[in-house]
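To start, the structure itself, in structure tokens.
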Amino acid sequence: MPLLTDRFGRVHDYIRISVTDRCNLRCVYCMPEEGLKFLPHEKVLSQDEIVDFMKIMVQFGIRKVRLTGGEPLLRTDIVEIVRGIASIPEIEDIAVTTNAMYLAKKAADLKAAGLTRINVSLDSLHEDRFRSITRGGRLQKVLDGIKRAEEVGLFPIKLNVVLIKGQNDDEIMDFLRFTQNKDINVRFIEYMPIGHAGNSWKQKYMSLETIFERIREEGLEFESVESIRGNGPSENYRLSGAQGTFGLIHPVSAHFCANCNRLRLTADGYIKACLYWDEEMNIRPLIQKPDELIELVQKAIDNKPENHEMALKLQDEVTSHQPTWRRMSQIGG
Ligand code: SAM
Ligand code: SF4
């Protein structure tokens, strides 16, 4: 069996690296208003450590990487990190997930450094609402960032929309219309109970079945779409005649764990084989010891549970493993 395969035959060829736990926003589903206790700078993996780590991982089959955070574009060396990873010959795809506050400024340099594509988080198309969901974000900056990403060719551009009951579920059709004349993939994501969620999460959670209900109410037609680069766990569709597409990512109501090909690396150097559970392994001391490092990564993969059981949280039922203490901003999504 090749390395980076788990007990259930899942092969891991994709890693999400959180390059910082800091963020310039405080999205309601991700971080508390007062922020969190952020890592001191010396605890965060350096550019060289990240690139050296990736040089080892490609030898064991990792081909795709996503840089995330916190907000990855806050790192002053983000362009250099992208350049370093993109210069590893085995890497086939390097993407960034960003809140886009600094995207307009950095898109051209990121593209020139070898970034393949970009995901932008955007939960409302109304300025005031966007500001309140993100606790301070500026919608126009996101729109400018998307425009700039289009100009420099960071395709396909994907928008991540976390559906929050009572806060943006009346905008489903607006987001779908956004795909009509734009070659963009709008991905609706179910609100996940990561790291802090109590009953307030349940009150805001909505199953993505709602999307189909709204489309039916409007009398619109849509079709299934097979291939979108960097497809991941999203099921994709296209409204009839639309240029862009929309996707559904429903980790809670219909988990996609059977096809999970991903690992996560936290900003302080811990490998997580599953987003939801608390198991994690510190690889930072082993970055210059490739044999030991890969042994530890494989151990994390060997311990990976079959699925995450997030849905049990809806019924307050006991889960088979301990959920992580980390917030989404400390893992990277
Ligand atoms: N700051 C960047 C951004 O917002 O795009 C990257 C990090 S953020 C943690 C990565 C993704 O996780 C974002 O698309 C965000 O919307 C999503 N996310 C955060 N908390 C979530 C939650 N509780 N449920 C579902 N998605 C969440
Ligand atoms: Fe920051 Fe992204 Fe979390 Fe929003 S979702 S608080 S932008 S890390």
Any idea which of (1) more than 16 Å from ligand 1 (Cβ to nearest atom); (2) within 21 Å of the chain's Cα centre (by Cα); (3) surrounded by 15 or more Cβ atoms within 10 Å (Cβ to Cβ) is the one Tyr14 doesn't satisfy?
(1)
Among (1) modelled with pLDDT of 95 or more; (2) within 16 Å of ligand 2 (Cβ to nearest atom), which single condition is Pro89 missing?
(2)
At least 3 residues that are in contact (Cβ under 8 Å) with a residue 40 or more places away in the chain and either surrounded by 16 or more Cβ atoms within 10 Å (Cβ to Cβ) or within 15 Å of ligand 1 (Cβ to nearest atom) (or both) in each: list the helices (runs of 4 or more DSSP H) lying fully within region 32-115 that qualify.
47-57, 103-113
Exactly one condition in (1) assigned to a helix (DSSP H, G or I); (2) touching a residue at least 40 places away in the same chain (Cβ under 8 Å); (3) more than 10 Å from ligand 1 (Cβ to nearest atom) is false for Gln140; which is it?
(2)
Please pick out the residue among Ile146, Ile133 that is under 25 Å from Asn236 (Cα atoms) and not in a strand (DSSP E or B).
Ile146
Looking at region 116-128 only, could you name the residues that are touching a residue at least 40 places away in the same chain (Cβ under 8 Å), more than 12 Å from ligand 2 (Cβ to nearest atom) and not in a loop (DSSP other than H, G, I, E, B)?
Arg117, Ile118
When you check Val162 against the structure, is it surrounded by fewer than 21 Cβ atoms within 10 Å (Cβ to Cβ) and touching a residue at least 40 places away in the same chain (Cβ under 8 Å), yes or no?
no
Would you check if Leu176 is more than 30 Å from Asp13 (Cα to Cα) and assigned to a loop (DSSP other than H, G, I, E, B)?
no
Among the residues of region 165-204, what is the count of those that are more than 16 Å from ligand 2 (Cβ to nearest atom) and either open to solvent by less than 30 Å² (accessible area, probe 1.4 Å) or in contact with a Ser or Thr (Cβ under 6 Å, 6 or more places away or on another chain) (or both)?
10
Considering each residue of region 205-254, count those that are open to solvent by less than 70 Å² (accessible area, probe 1.4 Å), more than 14 Å from Val186 (Cα to Cα) and charged (D, E, K, R), and give that number.
1
Report those strands (runs of 3 or more DSSP E) wholly inside region 203-251 carrying at least 1 residues which are within 17 Å of Glu171 (Cα to Cα) and touching a residue at least 24 places away in the same chain (Cβ under 8 Å).
235-239, 245-249
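The values are calculated or read from the model by the stated rules, or taken from the named source; none is laboratory data. These numbers come from a predicted model, not from an experiment. Note that each Cβ is placed from the backbone with ideal geometry, even for glycine, and that neighbours are counted across all protein chains shown. All accessible areas refer to the heavy atoms of the entire protein, side chains included, with ligands and DNA or RNA removed. Shrake-Rupley method; radii C 1.70, N 1.55, O 1.52, S 1.80 Å.
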